[in-house]
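The values are calculated or read from the model by the stated rules, or taken from the named source; none is laboratory data. These numbers were taken from a predicted model, which means no experiment stands behind them. So basically every Cβ, Gly included, is an ideal-geometry build from the backbone, and we count neighbours across all protein chains shown. Calculation scope for accessible area: heavy atoms of the full protein, side chains included, ligands and nucleic acids excluded. Shrake-Rupley method; radii C 1.70, N 1.55, O 1.52, S 1.80 Å.
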Amino acid sequence: MYIYTVKAGDSLNEISRRFGIPISRIIADNALRYPNNLVVGQHLIIMSDTVRHVIKEGQTLYSLSLEFEVPLDELLAANPDVNPFSLQIGDVINIPLAEEVERRPAIINGYAYTNITDRALECALPFLTFLSPFSYSLTPDGELAAPPDERLIERAKESAVMPLMVVANISEGTFSTEVLSQILASEDARERLISSIMTELENKDYYGVNLDIEYISPDDKDAYNDFLRELSERLHNENYILITSVAPKYSADQQGILYESHDYKVQGEVADYVIIMTYEWGFTYSSPMSVQPIEEVRKVLEYAITEIPSEKIIMGMPNYGYNWNLPYTRGTAATSIGLSAALDTAIKHNSEILYDEKTQTPYYYYTENGTGHVVWFDDAKSIDAKLRLVDEFNLAGASYWTINRCFIPNWEIAANLFDIIKL
């Protein structure tokens, strides 16, 4: 697989001829809704590892290395019988487009709201290990309120995907510090919650439970750790798994209600896997920036592997971007945008897609009805760069928030890099 950057004057016809890939395949692999309209900076997946290129007038191996973004030494190694100083028009050159990737086993989790369309499910299910319907919510006395998850459980099992029961401390539509505190303070409520979880796991044939517990009071840190230990023991006695979700931390003593009570060391000991929510640096009320800057993710993982066995860590991946009005005014809200919609908007306004090398994230500007906009999102190139962290840090895999919007390159790239673990 090769990721090609569209340049001025490119068309699908030209790209198809250059790489020897049918136009229909390029359209399908990239889910191009407007194949006749490409924009400069757009990244396209090319499902080929080698191109047989016929030398034209004026071309050299050096010029080809620049054109195809292949190091000259790799080009020379791929053509051992070619004398680079005596190339002739019509000579055939083998151009390696991508390094060979040794596909390693990896877990891929996908969170889904229960209103997900059949199309979006069909888009993601072949590439998932776990499907996590979002979510069960809590009452102060430890009762569970179930989502309408039956359709998702059924579809998961039909696709050899393991459904996970997601429990979140959500009350009246938002994460609640107070509801969790009341449960942790009551022995009866804790037992009621654990018993309810065990009953739901058995009745719905879930594979295990994912606790997405956020905004935990610092005063409840020890009580939450004790609850995790008790729940883990009960789950493991019945052959269920426990996955926890934690905020992205740089250090054990990081301040803030999002971070303080997520004890990486304890969760790494009691949970089977820990999902680190490595996204939302750029968020609804932030200034315009990358949702998932790679250098920040790397810092989080460098700390995380000192507390959690790396093979238990599942790295979070955002399946969305944000659109900010310009000039940006502090306190104004950005609009969430799907990755396909972000590309469509760039095409609609013929906006050149720029790429921030530091964060490994694409972005672009446009103006509509007199208002300026900037969109930060993810595309094939940035997804590939960030998923490679799974191998770099020897992680268990990746988890997408959420799969409700279909973006084909997510799954093409994951399948290229990993042997995705299935049921």
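A single entry from Gln292, Gln254, Gln267 fulfils the requirement of being open to solvent by less than 60 Å² (accessible area, probe 1.4 Å), out of contact with any strand residue (DSSP E or B) (no Cβ under 9 Å at 6 or more places or on another chain), farther than 16 Å from Leu180 by Cα and not small (Gly, Ala, Ser): Gln254. Here is a check on your reading of the model: is Tyr206 open to solvent by less than 60 Å² (accessible area, probe 1.4 Å), of a type in the set (Phe, Trp, Tyr) and closer than 18 Å to Phe130 by Cβ? In short, yes.
Checked against (1) closer than 18 Å to Ile257 by Cβ; (2) open to solvent by less than 60 Å² (accessible area, probe 1.4 Å); (3) touching a helix residue (DSSP H, G or I) at 6+ places or on another chain (Cβ under 7 Å), Tyr215 passes all but a single condition, namely (2).
Matching residues to (1) modelled with pLDDT of 90 or more; (2) within 35 Å of the chain's Cα centre (by Cα); (3) within 30 Å of Asp344 (Cα to Cα):
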{"position": "Gly41", "(1), (2), (3)": "yes, yes, yes"}
{"position": "Met47", "(1), (2), (3)": "yes, yes, yes"}
{"position": "His53", "(1), (2), (3)": "no, yes, no"}
{"position": "Phe68", "(1), (2), (3)": "no, yes, yes"}
{"position": "Leu76", "(1), (2), (3)": "yes, no, no"}
{"position": "Asn83", "(1), (2), (3)": "yes, no, no"}
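For segment 74-98, filtered to residues that are exposed (fewer than 10 other Cβ atoms within 10 Å of the Cβ) and touching a residue at least 12 places away in the same chain (Cβ under 8 Å), the residue that is farthest from Pro133 (Cα to Cα) is Gln88. Evaluation of Ile275 against the conditions (1) touching a residue at least 12 places away in the same chain (Cβ under 8 Å); (2) over 21 Å from Val390 (Cβ atoms) shows that the sole unmet condition is (2).
Residues in segment 28-85 that are farther than 20 Å from Gly9 by Cα and polar (S, T, N, Q): Ser48, Thr50, Thr60, Asn79, Asn83. Can Ile243 be described as under 28 Å from the mean Cα position of the chain (by Cα) and either touching a residue at least 40 places away in the same chain (Cβ under 8 Å) or loosely packed, with under 14 Cβ neighbours inside 10 Å (or both)? Yes.
With the condition kept exactly as written, say whether any residue in segment 346-362 is within 12 Å of the chain's Cα centre (by Cα), open to solvent by less than 10 Å² (accessible area, probe 1.4 Å) and touching a residue at least 12 places away in the same chain (Cβ under 8 Å). Checked against the condition, which is being within 12 Å of the chain's Cα centre (by Cα), open to solvent by less than 10 Å² (accessible area, probe 1.4 Å) and touching a residue at least 12 places away in the same chain (Cβ under 8 Å), segment 346-362 yields no hits at all.
State whether the residues of segment 183-196 include one that is under 29 Å from the mean Cα position of the chain (by Cα) and open to solvent by less than 10 Å² (accessible area, probe 1.4 Å). No, there is no match, as no residue in segment 183-196 is under 29 Å from the mean Cα position of the chain (by Cα) and open to solvent by less than 10 Å² (accessible area, probe 1.4 Å).
Here segment 271-289 is the region considered, the condition is being in contact with a Gly (Cβ under 7 Å, 6 or more places away or on another chain) and within 17 Å of Ser251 (Cβ to Cβ), and the residue that is surrounded by the fewest Cβ atoms within 10 Å (Cβ to Cβ) is Met277. Against the test of being open to solvent by less than 50 Å² (accessible area, probe 1.4 Å), within 14 Å of His373 (Cβ to Cβ) and touching a Pro at 6+ places or on another chain (Cβ under 9 Å), the options Ala304, Ala334 yield a single qualifying residue, Ala334.
Scanning segment 392-410 finds one or more residues that are touching a Gly at 6+ places or on another chain (Cβ under 8 Å), under 24 Å from Asn37 (Cβ atoms) and either surrounded by fewer than 22 Cβ atoms within 10 Å (Cβ to Cβ) or hydroxyl-bearing (Ser, Thr, Tyr) (or both).
Here Arg104 qualifies as surrounded by fewer than 16 Cβ atoms within 10 Å (Cβ to Cβ) and out of contact with any Cys (no Cβ under 6 Å at 6 or more places or on another chain). Just one residue in the set Asn394, Asn404 is assigned to a loop (DSSP other than H, G, I, E, B), at pLDDT 95 or above and closer than 30 Å to Lys265 by Cβ; that residue is Asn394.
Taking the criterion of being part of a strand (DSSP E or B), free of Cβ contacts under 8 Å to residues at least 60 places away in the same chain and surrounded by fewer than 24 Cβ atoms within 10 Å (Cβ to Cβ), the residues of segment 372-391 that qualify are Gly372, His373. With respect to (1) surrounded by fewer than 22 Cβ atoms within 10 Å (Cβ to Cβ); (2) in contact with a strand residue (DSSP E or B) (Cβ under 7 Å, 6 or more places away or on another chain), the lone exception for Ala342 is condition (1).
Counting the residues of segment 199-223 that are assigned to a helix (DSSP H, G or I) and either small (Gly, Ala, Ser) or within 16 Å of Ile275 (Cβ to Cβ) (or both) gives 1.
State whether the residues of segment 254-264 include one that is part of a helix (DSSP H, G or I) and within 22 Å of the chain's Cα centre (by Cα). Yes, the conditions are met somewhere in segment 254-264.
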